[in-house]
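**Student:** Have a look at the structure that comes next, please.
The values are calculated or read from the model by the stated rules, or taken from the named source; none is laboratory data. None of the values given here were measured: they were computed from a predicted structure. Don't worry about glycine lacking a Cβ; one is built from the backbone with ideal geometry, like all the others, and counts go over all protein chains shown. The area values use the complete protein model at the heavy-atom level, side chains included, leaving out ligands, DNA and RNA. Shrake-Rupley method; radii C 1.70, N 1.55, O 1.52, S 1.80 Å.
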Amino acid sequence: MSKNAGLRKRADAPHTTASLDLPPAFARRPPNAPDYVAPNLGDPNDPDAAYTEPRAPRPGMLIGLCVGVAVSLTLYLVVFYETISTPTDAAGYTADGTNLLDVTRLTLVHNVTVRTMDPAVPDGAALLVRGNEIARIIGANDAAYTLQSLRGTGVTVVNGHGAYVYPGLMDSHGHFLGHGLALSRPNLVGLPSVSAVRTVLRDFIAQSPDDSYSDTRWLVGNGWDHTTWTDATDGAGAFPTAADLDSDPVLTSIPIALQRIDVHAYWLNQRAISLLGQLPLDVAGGAIKRDPITQEPAGVFVDNAMFLVDNVMPAPVDADWDAALTRAQTDLVRFGVTAVGDAGVLPPAMAALVRGAHSGELKVRVHAMISCPQDVQHQHIQAPAPAFCAETVQGLVEAARNVSDRVAIRSVKLFLDGALGSHGAALIRPYDDASETKGIVRCSSWECPELNEVVRKWDAAGFQVNIHAIGDHANQLAINALEQVKAEKRPRIEHAQILTLEDIDRVAKLGILPSMQPTHATSDMGYAQSRLGLDRLRGAYAWQRFLQAGVTHLPLSSDFPVESPDPLEGMYSAIARMDHDAKSPHGDQTPWFADQALTPYQAVKGFTSDAAYASFMDTIIGTIAPGKRADLVFTDVDLAHITNAQELLPKSGKRRVLATWIDGKCVYEKDAWCARGVEVQL
Ligand SMILES: [Zn+2]
């Protein structure tokens, strides 16, 4: 807005004095307002009690009236305080043209239980939102009178119908735009056979416009997993081949590349292979699966051999990224997610975030972690080892800084190792079930000598440093390198999955934030012990050990789309440490290492205030407190006080997330929940 916007607005405004802008309830300010006396409203658990009007005069009515006036006065002061604490002109306009005395910017949400997740701010029974900010949390004793005093004032009133209100949920580590891209592609997750994959692809092509795919626009799919294929005559038991795809004529004429569910392999058809050009015989740190007789590439490219595909496969264009942003956001707000850490963003994706923030399309707040591109030609391919590239992305970092508070690019993600499932996590000692390997380190050598210098450079350039480390060796390397970073820079280890007990203590002492995924524990628990052995498991997925060691913030996340982006499922895993059928390797109805399970409150804290802290967003989100953004989730389950964790799951029959607000606006509603709640005129 221009500097003169406020003046222009004032000239257009219907009233010229502050007093005329005040609604009667605010203007009725008695000369000697009595001190507040808490009225007895009967059963606080009866939601209807909050707005039952007194039917006949009764003793104490006068006190009630006085209290009503006092509450009105309080609300007046809330607004008035803002006016005097923010520079305004005589009519209450700030320099950007907003009128702090304008009651039409106020929304009262009542008939709710407000869980602030801030120990310094008591929970409430109603919430006053001004524009995009929380103005006031109203206690149970004040709620009814607040409602009465605002009758007919122009304040929007929303009946929450008994819902719980929590701070908007934040997923600290997901792949926001990657998720959006995946949502626009054929989904191969959970299919039972190769022919089922072919059917999905054929249907997808049939529903796409004729010219959708060509040598410069490949069909890309996600999520196949040959270990879940059950029919031995239909692909089960081995990696698939190009011939498996080419057996369907519809799938031969366009290049097809299908990513395995763990993102560690591509499966190509012959058309795509033919576009790769001359291929090396061997690839260090990867494999080209070959036909045993002809020795020709058979179709699957594993780990580092995937770069051979990435180098040739056309990158998504701007329109693809923009569509991905919208798809990802639409999906996430359904789960109450209002902010995400995008864990590893290459320049084209960063540009899409900046465009989205600029146009207003981006609603969800994104803490984007830079991923360095391989080189100038391959801006969409991640560098193979930890690298420094602040100069390369400087323009985008500045563009993000200037555009809005929806996107922040102030951190970097460095990768050290792979995942436990594929024996890629870097371990100090060999795997128990594969004694020939200790996993992989994505550096020039096992000790990753370049890491210290790369971390030092990013830190000196003012970026938060977040290091992906899963195995205990990778975590040790990460801690050694992060030792040089001050705690107030909030360095993070992404996953922090398997650590020695001594290293857990070092994490706490150094103020490193372990950024952890509860669902990874419940997904891995079936094979973790055979891979690691009991001794190493003591420091694996060890949420309580971190807290007991003195870690004060435990940001939680899902790593979507690797896992479901639903934070309530994450909370379930954190609290229950069992699968959705209440089973674990330790038995039915028995948590897997119960002593490491989080309490419901700790789990919610991980998905709200701890996540906000780990993203430097704690000044604006993460708790419900006056002055913070009105990013809210309305639920029919009391997340932080839940007694039956199963109620967090979709199959429980609970409606779970009823609505999601960002900046005081309803961005998702189940069954028109927001619209039905509005009682503009009482
Ligand atoms: Zn991830």
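**Student:** Taking a cut-off of 20 Å between Cα atoms, list the aspartates and glutamates near residue 289, but don't count ones fewer than 8 places away on the same chain.
**Tutor:** Candidates past the 8-residue exclusion: 225, 234, 244, 246, 262, 303, 310.
**Student:** Another one. Roughly how far apart, in whole Å, are the Cα centres of the range 145-188 and the range 266-339?
**Tutor:** If you average the Cα positions of each part, the centres end up 34 Å apart.
**Student:** Next question. May I ask you to order 304-311, 528-535, 129-136 by the average number of other C-beta atoms within 10 Å around their residues, highest value first?
**Tutor:** Numbers: 304-311: 18.2, 528-535: 16.2, 129-136: 20.4.
Averaged packing, sorted descending, gives the order 129-136, 304-311, 528-535.
**Student:** On the protein heavy atoms, probe 1.4 angstrom, tell me the percent of accessible surface of the range 178-310 carried by carbon and sulfur. Kindly include the intermediate steps, with their values, before the conclusion.
**Tutor:** Working: 3370 of 6300 Å².
So the carbon and sulfur contribution to the accessible surface is 53 percent.
**Student:** Average the reciprocal distances over every distinct pair of alpha-carbons in the range 611-667, invert the result, and give the Kirkwood radius in Å.
**Tutor:** Result for the range 611-667, one decimal place: 12.9 Å.
**Student:** If you take every DSSP beta bridge whose two residues both sit in the range 178-310, what share of them, in percent to the nearest 5, is antiparallel?
**Tutor:** Numbers: 11 of 17 bridges.
Around 65 percent of the beta bridges assigned by DSSP in the range 178-310 are antiparallel ones.
**Student:** Assuming 1.002 mPa s and 20 °C, estimate D for the range 358-493 with Stokes-Einstein, Rh taken as the Kirkwood radius over Cα pairs, in µm²/s.
**Tutor:** Working: Rh = 16.0 Å.
Reported coefficient: 134 µm²/s.
**Student:** Beyond a 31 Å Cα-Cα separation, which of these cross-linked pairs lie in this structure: 413/654; 628/654; 583/628; 363/509?
**Tutor:** Working: 413/654 37 Å; 628/654 29 Å; 583/628 40 Å; 363/509 36 Å.
Beyond 31 Å: 413/654; 583/628; 363/509.
**Student:** Please calculate how many Å² of accessible area the range 562-682 carries per residue, with a 1.4 Å probe and no DNA, RNA or ligand atoms counted. Write out the running numbers ahead of the final one.
**Tutor:** Details: 4540 Å² over 121 residues.
Accessible area per residue: 38 Å².
**Student:** Once ligands and nucleic acids are excluded and a 1.4 Å probe is used, how much of residue 261 is accessible, expressed in Å² to the nearest 10?
**Tutor:** My reading of the accessible area for residue 261 is about 70 Å².
**Student:** Now for a different question. Kindly identify the range 178-310 as rounded, prolate or oblate by the Cα gyration tensor criterion: order the square roots of the eigenvalues as a ≥ b ≥ c, call it rounded if a/c is under 1.5, otherwise compare a/b with b/c, prolate if a/b is larger, else oblate.
**Tutor:** It is rounded, given that a/c, with a ≥ b ≥ c, falls under 1.5.
**Student:** Long-range amide H contacts for residue 222: which residues qualify at under 5 Å (H placed 1.01 Å from N, peptide plane, sequence gap of 5 or more or a different chain)?
**Tutor:** 188, 259
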